[in-house]
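Step one of this worksheet: look at the structure below.
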Amino acid sequence: NAGVTQTPKFRVLKTGQSMTLLCAQDMNHEYMYWYRQDPGMGLRLIHYSVGEGTTAKGEVPDGYNVSRLKKQNFLLGLESAAPSQTSVYFCASRTSQETQYFGPGTRLLVL
Amino acid sequence: QQQVKQSPQSLIVQKGGISIINCAYENTAFDYFPWYQQFPGKGPALLIAIRPDVSEKKEGRFTISFNKSAKQFSLHIMDSQPGDSATYFCAASQRNAGKSTFGDGTTLTVKP
C-alpha cells in the first residue's frame, strides 16, 4: 500500500495563476482532509469530505475549492493564487476510527 | 475559537531527560485524544492515542496522561533521545464527527 500520496511535491506559482493539488489514498478510507501548515500556526483545516461526492468547509476555506468525485481522490483547487496561500499543504484520510493518515505534503510558493 | 490549547510552543531537553507537552480542551464531547509526531519535511504520523475511559496509556518511552475533570492531557517522553527531536501535535475529536481539532504544535529539541 502506498498510503496517502500527494502530487505535486513542490510548486511555484505567480499571483493570479490557478492550480490543482491531487491527493490519493489506497486504504479505502471514507474521510479525507486538506490542511495547510504555516510556521507557528499548526495544522488548519481547509476542507474535508466524509465520503465520495461530499465536501464540507473547514476553518480556512476561502480561496480554495475541493472535489471528491472518486472515493480514493480528493482534489484541492486554487482558482487565483495569492501570496497568502504560500504554505505547506497536507492531505489526510481515515476510516470511521479517528486516526488520520497524512500524506508527505506539497510545498507551494506564490510569488 | 481554539478548542485545543497546546503548550509549550518549543521545548529543549537534554538527552536522557523527560519531555512533557500539555494540552487542554474545552469540548466535553471529545472522546479521542491522539498525539502526532512530525519530522521536518514529512507529514504528521500517529504516535499514541487515548480515550477518556482511562487515565494513562503507555507505549514504550511514550506515555499519555489524561485528566478528564481538568480537561487536560499530556505527553511524556521518558529517556528523551536526539531522534525524538520533532514537532508534536495533540488533537481531539468526537466519534463520527468527521473532523479533529489540533493544537498548534510543540517543537522538541533533544540535545545530545
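Each peptide among A:85-93, B:55-63, A:22-30 gets the average number of other Cβ atoms lying within 10 Å of its residues, and from highest to lowest they stand as A:85-93, A:22-30, B:55-63.
For chain B, DSSP calls about 90 percent of its internal beta bridges antiparallel. Note on A:A2 and B:M78: the model spin-label points, each 7 Å out from Cα along the C-beta direction, lie 4.1 nm apart. Legend: mean number of C-beta atoms from other chains within 10 angstrom of residue C-beta atoms, peptide B:90-97, equals 3.
Net charge dipole, region A:45-96: roughly 260 debye, given to the nearest 20, about the Cα centre with Cβ charges of +1 for Lys and Arg and -1 for Asp and Glu.
Considering only A:E52, A:E98, A:E79, give the residue with the highest GNM mean-square fluctuation for chain A, with springs between Cα atoms whenever their separation is below 10 Å. It is A:E98. Each principal axis of the Cα cloud of the protein assembly as shown was evaluated for its coordinate range; sorted largest first, these ranges are 48, 37, 37 Å. Under the convention that each Lys and Arg Cβ holds +1 and each Asp and Glu Cβ holds -1, the size of the dipole of chain A around its Cα centre is about 260 debye.
Calculated on the Cα set of chain B, radius of gyration then Dmax: 13.4, 42 Å.
So what are chain A's ellipsoid semi-axes, whole angstrom, largest first, if each one is the square root of 5 times an eigenvalue of the alpha-carbon gyration tensor? They are 22, 14, 13 Å, listed from largest to smallest.
In terms of Cα to Cα distance under 16 Å, which lysines are near enough to A:K71, apart from those fewer than 8 places away along the same chain? Answer for A:K71, where 16 Å is the Cα cut-off: none of the lysines qualify.
For chain B, the number of Lys pairs separated by eight or more positions or lying on different chains, with C-alpha atoms closer than 19 Å, is 7. The charge dipole of the protein assembly as shown, taken about its Cα centre with unit charges on the Cβ atoms of Lys, Arg (+1), Asp and Glu (-1) only, comes to about 280 debye. Take B:91-101, B:36-46 and order them by the average number of nearby Cβ atoms within 10 Å per residue, most first; the result is B:91-101, B:36-46. Counting, for every residue in A:34-45, the Cβ atoms of other protein chains within 10 Å of its Cβ and taking the mean gives 4.
Since every read-out is calculated from the coordinates, none of them should be taken as a lab result. Computed from a predicted structure; not experimentally measured. Here the Cβ is made from the backbone with ideal geometry for all residues, glycine too, and neighbour counts use every protein chain on show.
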